[in-house]
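For reference, the structure is listed below as structure tokens.
Rule-based calculations on the coordinates, nothing more; no lab input. Nothing here was measured: the structure is a model prediction, and the numbers come from that model. For neighbour counting, all protein chains shown are included, and Cβ atoms are generated from backbone atoms with ideal geometry for every residue, glycine included.
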Amino acid sequence: NCFFRLHSTSWRNSQFQNLRKFSLSNFQRRYENWIYSPEVSEALSSKKPVVALESTIICHGMPYPQNFETALAVEDIVRKNGSTPATIAILDGKINVGLTLSGLEKLAKMGQQAVKVSRRDFALTISQGLTGATTVAGTMAIAHRAGIKIFVTGGIGGVHRDGENTMDVSADLIELGRTPVTVVCAGVKSILDIEKTLEYLETQGVTVTTFSDSADFPAFFTPKSGFKSPSNLSTVRECAALISANIDLELNSGVLIAVPIPKSEAADAKEIQVAIESSLKEIANKGIVGKDITPYLLKRVNDITHGKSLKSNIALIKNNAMIGSQIAKCLAEFGH
Ligand code: PSU
Ligand code: MN
């Protein structure tokens, strides 16, 4: 779909649009493609807490209709815990901060037909008028420009296994190094190399903390990865104080808060591990590369575990939404 659009869009038409834009100021040009939902726009202008949510998890991370139901449920949890949800995506070339019900449904039904938009994909997706789902990196970039400081998701990308040879390191890690947004997630999936991911976050200068009494960094489907988190904080208030200090210093780097999945919702570690190993063999055999790797692994792990991984995935993102919304509320009380 994307390939077809690239080669068929009228060149003359796009040249014409570019010429028209010369009469606008840089500022007008920058925001001409942005649409805020009334709810988000009101919250931002009255300095109420806002929580950004990503859309790649909807289009490339979960099947329909669970993706649609989960996206709606997560938005509601954010509201119930005192913040306003801002799901971010690109619809027909426009950056949407906060989606309507129909926008959300369109994306959920499009699934993998939507472009997976990380930092490098914005210019192309917008200039070609395409519809895209933003990754953690993409969502952070937009959230920051919209003035949103907290972003909740399930899991972030990381250093892939064998990444020292393939150089497959998610752009999420570099974005965390250069964009001052806090990402609340359930750690990193063991489809990745968790140890190297933590190492790389350190290199990028990202403040990493685990929201727990224990300093064990979580492994997404399970509360413990066996790798030590650089720090751990056990209250929402401490998390908000940490973010506040990061913002005040203007370090311009991000914060990662890893929230372990509640024990009652955790998946069977061994069953997940077996599913991951066999999915990793499949990508090698099928020659799947680049941005298609993560969506493929997520889907196959879910198939092999007969939906058990999806069930845990939904539970942990809801838990993250609750905590992230509470942190955003507390951060607003600190004046941010
Ligand atoms: N990990 C998950 N679920 C997801 C993703 C990662 O458990 O949905 C998505 C996120 O949008 C993340 C992206 O930003 O995959 C990372 O992709 P890549 O590995 O290609 O950088
Ligand atoms: Mn990659």
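Table for the structure above
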item: Dipole magnitude of the stretch 21-173, debye to nearest 20 (Cβ charges: Lys/Arg +1, Asp/Glu -1, about Cα centre); result: 500 debye
item: Residues Arg29, Arg79, sorted so that the one with the fewest Cβ neighbours within 10 Å comes first; result: Arg29, Arg79
item: Cα gyration tensor of the stretch 71-197 - equivalent ellipsoid semi-axes, whole Å, descending; result: 24, 18, 14
item: Exposure proxy ranking, count of Cβ atoms within 10 Å, fewest first, for Ile174, Ile288, Ile194, Ile327; result: Ile288, Ile174, Ile194, Ile327
item: Cα gyration tensor shape of the chain, rounded if a/c is under 1.5, else prolate or oblate by comparing a/b with b/c; result: oblate
item: Reciprocal of mean inverse Cα separation for the stretch 117-176 (Kirkwood radius, Å); result: 12.6 Å
item: Tail weight of P(r) past 14 Å, computed on alpha-carbon pairs of the stretch 286-336, percent; result: 67 percent
item: Cα point-scatterer Debye curve for the stretch 46-141, base-10 log of I(q)/I(0) at q = 0.12, 0.19, 0.21, 0.22 Å⁻¹; result: -0.33, -0.82, -0.98, -1.06
item: Viscosity 1.306 mPa s, temperature 10 °C, Stokes-Einstein D of the stretch 127-220 from Kirkwood C-alpha radius, µm²/s; result: 113 µm²/s
item: Three-way shape call for the stretch 170-258 based on the alpha-carbon gyration tensor, with the a/c threshold at 1.5; result: oblate
item: Over the chain: helical MRE at 222 nm, DSSP H runs n ≥ 4 each giving -39500 (n - 2.57), nearest 500; result: -15000 deg cm²/dmol
item: DSSP loop GluC sites (Glu not before Pro) with at most 13 other Cβ within 10 Å: longest gap in the chain; result: 33-249
item: Net +/- balance of residues flanking Ser244 in space, Cβ distance below 11 Å, scoring K and R +1, D and E -1; result: -1
item: Amide H partners (placed H, <5 Å) of Thr87, local residues excluded; result: Leu53, Gly98, Leu99
item: Relative exposure of Phe221, Phe68, judged by other C-beta atoms within 10 Å (fewest first); result: Phe68, Phe221
item: Calculated diffusion of the stretch 215-311, Stokes-Einstein form, Kirkwood radius summed over Cα pairs, 37 °C and 0.692 mPa s, µm²/s; result: 207 µm²/s
item: Straight-distance crosslink candidates among lysines, where the alpha carbon sits under 19 Å from Lys109 and sequence neighbours closer than 8 are dropped; result: Lys94, Lys299
